[in-house]
Structures are given as C-alpha cells and as structure tokens.
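Before any comments, here is the structure.
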Amino acid sequence: MEVEMTIRGLLMDPVTNTPIVILKDVGGDTVLPIWVGAYEAQAIALEMEKVTTPRPMTHDLIKNVLTGLETQVHKVVVTELREDTFYAVIWLERGGEVISIDSRPSDALALALRVDCPIFVDEVVLKNSKLAANLSERVSSDELRKWLEGLNDEDLGKYKM
C-alpha cells in the first residue's frame with residue numbers, strides 16, 4: 001500500500017551537515033526524512049522557491065524531454081529502503097503504455113515538483129525507516145524525533161543554496 005506524501009521542507013542535518021528532504025503524510029502526521037546530496041537538494045530548493053535559471057537545469061531538461069515526447073508523469077513512489085539507501089520509481093505514461101523508471105528519490109522528488117505529480121511512499125518503507133532510525137548511529141531515534149517535532153515553519157524551506 002502506498003501513502004501519499006508532500007515535501008514539507010528541506011533543511012540541513014545538524015549532526016552531519018547533509019541536506020534532508022522532509023516528506024509528510026498528506027492524511028496524517030507521519031514524517032519521513034530522506035538524506036540527499038547537495039546538488040539534488042539545490043535542484044529541489046530551486047523548484048520549491050520557484051527560482052528560474054537562465055538555462056534549463058537537469059530536472060527541467062527531463063521535464064522538457066518528457067513533454068516533447070508527449071509523456072506524462074503520473075506519480076513517483078519511494079519504493080524501498082535497503083542498507084540505508086532509499087529507492088524510487090517514476091511512473092510514466094506514453095501512448096497508453098505505462099512505464100516504470102528506476103530513480104534515486106531525490107531525482108524523482110525534483111521531477112515531481114516540476115511536473116506537479118503526486119508523491120507516494122510504500123508503507124513498508126515508512127515502517128522500515130522507523131526501525132532504521134532506532135538502529136542509526138547518525139542520530140538516535142529519540143533525538144531525531146525531538147528535533148523533527150521541534151521544527152516550525154521558519155525552519156522548513158529555508159535551505160541555503
């Protein structure tokens with residue numbers, strides 16, 4: 001079963017100084033942090049802040065190619081968490097044919113923002129991410145939970161490019 005999520009914010013992990021995309025359950029309070037690379041975070045931040053660039057960035061190019069090929073992005077799904085790595089799939093349709101494309105979650109999320117398609121996370125991923133948080137050496141689950149609960153609107157979406 002898939003849970004619809006939205007990108008709630010983008011911020012820096014205070015421990016590792018690595019960007020984190022915060023996904024939030026549309027119908028509830030479940031939060032899923034996904035650590036991403038600096039370049040991917042910048043691509044997400046540019047679209048969240050509606051910053052236009054003089055030339056198309058990579059995810060803008062992908063959107064333009066898909067549009068040129070008359071292909072629609074139906075949804076992106078974070079499908080798996082394996083060995084501390086998230087996996088995603090981009091679901092496309094072209095000429096009545098449905099196509100799934102393997103993707104890094106950060107790229108799938110950056111594209112989803114640009115094409116305004118829904119974002120989903122498999123329930124198993126949400127369950128496994130909670131287990132992983134309990135075992136993480138990065139930050140204890142209690143520290144992470146307290147930190148995430150303490151975030152306010154000013155903290156979210158303020159990623160420095």
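Taken together, the values in this text are just the output of simple stated rules run on the coordinates, not laboratory data. Being a predicted model, the structure only gives us computed values, none of them experimental. Positions of Cβ are generated from backbone atoms using ideal geometry, with glycine treated the same way; all protein chains shown enter the neighbour counts.
Points to keep in mind about this one:
- Loop-located GluC sites (Glu not before Pro) in region 45-137 (DSSP state not H, G, I, E or B) with no more than 15 neighbouring Cβ atoms inside 10 Å: E49, E70, E83, E137.
- Charged neighbours of A88, selected by a Cβ distance under 9 Å, balance to -2 (K, R count +1; D, E count -1).
- Shape of region 23-112, Cα gyration tensor, a/c cut at 1.5: oblate
- With R₀ set to 22 Å, the beta-carbon distance separating R94 from E4 gives a calculated FRET efficiency near 0.40.
- Restriction of the trypsin sites (Lys or Arg not before Pro) in region 20-84 to DSSP coil positions whose beta-carbon has at most 16 other beta-carbons within 10 angstrom yields K50.
- Per-pair calculated FRET efficiency, R0 = 22 Å: K75 and E123 via Cβ, rounded to 0.05: 0.90
- If R0 equals 45 Å, the separation of the Cβ atoms of D84 and T52 corresponds to a calculated FRET efficiency of about 0.80.
- Long pairs among K63/K127; K75/K130; K50/K75; K50/K130, criterion Cα-Cα beyond 27 Å: K63/K127; K50/K130
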